[in-house]
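Here is the structure we will look at, set down as structure tokens.
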Amino acid sequence: MNTALPPVACRPGCGACCTAPSISSAIPGMPDGKPAGVRCVQLADDNRCLIFGRPERPACCAGLQASAEMCGDSRERALLWLGELERATAPA
């Protein structure tokens, strides 16, 4: 039985997934990736991805699917959930 929640549309202006998690892949402007809790340089002032849909967007970003569990009901909830996931999966 699959208990995964279905994907949902991204919340406009959120950008939590571009801030909370670390990204080990190179990002234009961040050749060594992005540490957890650091805003991606490709995140615009309105929290929209500047390289969305472009080939230089990392595969980990393009493959991320928003979900009700991950995104919650606010940007703050999404930051909290993603931060907890980052801490739980960080190397010791």
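The values are calculated or read from the model by the stated rules, or taken from the named source; none is laboratory data. Quantities reported herein were computed from a predicted structural model and do not represent experimental measurements. Ideal geometry is used to build each Cβ from the backbone, glycine not excepted, and the neighbour counts take in all protein chains shown.
A few points about this structure:
- Test: residue in segment 15-35 that is in contact (Cβ under 8 Å) with a residue 40 or more places away in the chain and among the polar types (S, T, N, Q): yes
- Residues that are free of Cβ contacts under 8 Å to residues at least 40 places away in the same chain and not acidic (Asp, Glu) within segment 53-73 comprise GLY53, ARG54, PRO55, ARG57, PRO58, ALA59, CYS60, ALA62, GLY63, GLY72, listed in sequence order.
- Filter pass, ALA44 being modelled with pLDDT of 95 or more, more than 13 Å from the chain's Cα centre (by Cα) and more than 14 Å from SER22 (Cβ to Cβ): yes
- Residue in segment 35-53 that is touching a helix residue (DSSP H, G or I) at 6+ places or on another chain (Cβ under 9 Å), closer than 17 Å to THR89 by Cα and hydrophobic (A, V, I, L, M, F, W, C) present: yes
- Residue, nearest to ARG39 (Cα to Cα), within segment 52-79, restricted to residues that are assigned to a loop (DSSP other than H, G, I, E, B) and acidic (Asp, Glu): GLU56
- Qualifying residue in segment 74-85 (condition: hydrophobic (A, V, I, L, M, F, W, C), under 24 Å from VAL8 (Cα atoms) and in contact with a Phe, Trp or Tyr (Cβ under 8 Å, 6 or more places away or on another chain)): no
- Residues in segment 16-41 that are more than 21 Å from LEU85 (Cβ to Cβ) and either surrounded by 14 or more Cβ atoms within 10 Å (Cβ to Cβ) or of a type outside the set (A, V, I, L, M, F, W, C) (or both): PRO28, GLY29, PRO31, ASP32.
- Scanning segment 14-39 for residues that are under 12 Å from PRO58 (Cα atoms), touching a strand residue (DSSP E or B) at 6+ places or on another chain (Cβ under 6 Å) and part of a loop (DSSP other than H, G, I, E, B) gives a single hit, GLY33.
- Scanning segment 70-92 for residues that are surrounded by fewer than 12 Cβ atoms within 10 Å (Cβ to Cβ) and not basic (Lys, Arg) yields ASP73, GLU76, GLU84, ALA88, THR89, ALA90, PRO91, ALA92.
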